[in-house]
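Peer 1: One structure follows; several queries about it will come next.
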Amino acid sequence: MMNVTIKSLSGPWDRGYALDKHKIKSTFAGYNEYGYKTFNTVRTEAGEAVFRLKYRSDWTQAGLLAAAVYEHIVPHFPQLGLVIPMPASQARPRQPVDAVAEELAKLMKVNSFSGIIVKAPSTTGKKLKDLGTKHEKAAELAGRFSIKDVISGQGKWNALLVDDLFDSGASMEAATNALKTYSKINGVYVAALTWK
C-alpha cells in the first residue's frame, strides 16, 4: 500500500488528481568523475516509484503505481470506459506511462489505448523541460497533438488520461483538448503519478 497525498489538478479536463509530489528535497552533493553535478534527492513513495520505473527500468513499479491510482484517484471519477497514456516525449523501447496505463486498465477491467493521441515531433527542436513558462510550453505544443480513431464500435466513453509528472499542465491540457475533439470520448479525466 503506497502512502500518498493526492492533489486536485485544474484544467480543461472534467476532473483530475495527482498522487503525490515527486521530490521532497534535493541537495547538491558535489561533482562526479565526469564533472557533472550530483544531488542527494529524497522523493515521496510515488516519486521514488516513478524514478525507479523511468530511470532504472524497474517494471514492478508500474503495477504499484497503477494500484495507487486505482485506490486513491479512480474512486473520485464517474464510470470510466478506457485508459489512455500520455504520448511519450522521449523514445524508449518500452514506455513507462504505457505500462502503468496497461496495469491500471486491468484493475479497472477496461481497455488501455496507447495510440489514440498522436504527438507530432517538434519543428523547433526545443524540449519542453528546457522551456521556462507554461506559455512557452503551450506555444511549443500548439497543433502537435492529433487523434487517431482506434476505438471500434459505436458509443462514447469517459476516458482516464494518465501521465507520470504534472508540471505546468501544458502537455496534459493539449492532450485533453485533442481528446475532446474525438467523437467517441465523452468526459476526460486525468491522473498524474506525481507533480513537480
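No value in this document is a laboratory result; all are computed from the given coordinates. Keep in mind that what you see is a predicted model, and the values were worked out from it rather than measured. FYI the Cβ positions are ideal-geometry reconstructions off the backbone, even for glycines, and counts take in every protein chain you see.
Peer 1: Going by how many other Cβ atoms sit within 10 Å of their own, how do Leu161, Leu82 line up, fewest first?
Peer 2: Going from sparsest to densest Cβ surroundings: Leu82, Leu161.
Peer 1: Next question, about the same structure. If you build the convex hull over the alpha carbons only and average its shadow over all orientations, what do you get for the stretch 96-165? Give it in nm² to one decimal.
Peer 2: One quarter of the hull surface, i.e. the mean projection, equals 6.1 nm².
Peer 1: Taking other Cβ within 10 Å of each residue's Cβ, how do Asp20, Asp149 sort, fewest first?
Peer 2: Asp149, Asp20
Peer 1: Okay, next question. Quick one: Cα convex hull volume of the chain, Å³ per residue? Don't jump to the answer; show the numbers that get you there.
Peer 2: Details: hull volume 25.9 nm³, N = 196.
Roughly 132 Å³ of hull volume per residue.
Peer 1: At His76 and Ser8, where each label point lies 7 Å from the Cα along Cα→Cβ, what is the point-to-point distance in nanometres?
Peer 2: 0.8
Peer 1: Restricting the count to DSSP beta bridges whose residues both fall in the chain, what percent are antiparallel, rounded to a multiple of 5? Mind showing how you got there, number by number?
Peer 2: Working: 12 of 32 bridges.
In the chain, DSSP labels about 40 percent of beta bridges as antiparallel.
Peer 1: Can I ask one more? Charges only on Cβ, +1 for Lys and Arg, -1 for Asp and Glu: so what's the dipole of the stretch 1-155 about the Cα centre, in debye to the nearest 20?
Peer 2: Roughly 380 debye for the stretch 1-155.
Peer 1: Another one. Which of the listed residues, Ile151, Val100, Ser112, is farthest toward the dipole's positive end in the stretch 92-186, when Lys, Arg count +1 and Asp, Glu count -1 at the beta-carbon?
Peer 2: Ile151
Peer 1: Considering the alpha-carbon set of the stretch 125-170 alone, what are its Rg and its Dmax in angstrom?
Peer 2: 14.5, 42
Peer 1: Treating only the Cβ of Lys, Arg, Asp and Glu as charged (+1, +1, -1, -1), what charge dipole size does the stretch 104-196 show about its Cα centre? Round to the nearest 20 debye.
Peer 2: Value, rounded to 20: 200 debye.
Peer 1: May I pose another question? Arrange the following residues from fewest to most other Cβ atoms within 10 Å of their Cβ: His76, His22.
Peer 2: Details: His76 13, His22 24.
Ranking His76, His22 by Cβ neighbours within 10 Å, fewest first, gives His76, His22.
Peer 1: Still on this structure, please answer the following. Taking a temperature of 25 °C and a viscosity of 0.890 mPa s, what whole-number D in µm²/s does Stokes-Einstein yield for the stretch 151-196 with Rh from Kirkwood over alpha carbon pairs? Show your work: numbers first, answer last.
Peer 2: Values: Rh = 11.4 Å.
Once the numbers are plugged in, D ends up at 216 µm²/s.
Peer 1: Still on this structure, please answer the following. I'd like the projected area of the stretch 30-103, averaged over all directions, using the convex hull of its alpha carbons. Report it in nm² with one decimal. Present the calculation step by step, with values, prior to reporting the outcome.
Peer 2: Values: hull surface 26.8 nm².
Mean shadow area of the hull around the Cα atoms is 6.7 nm².
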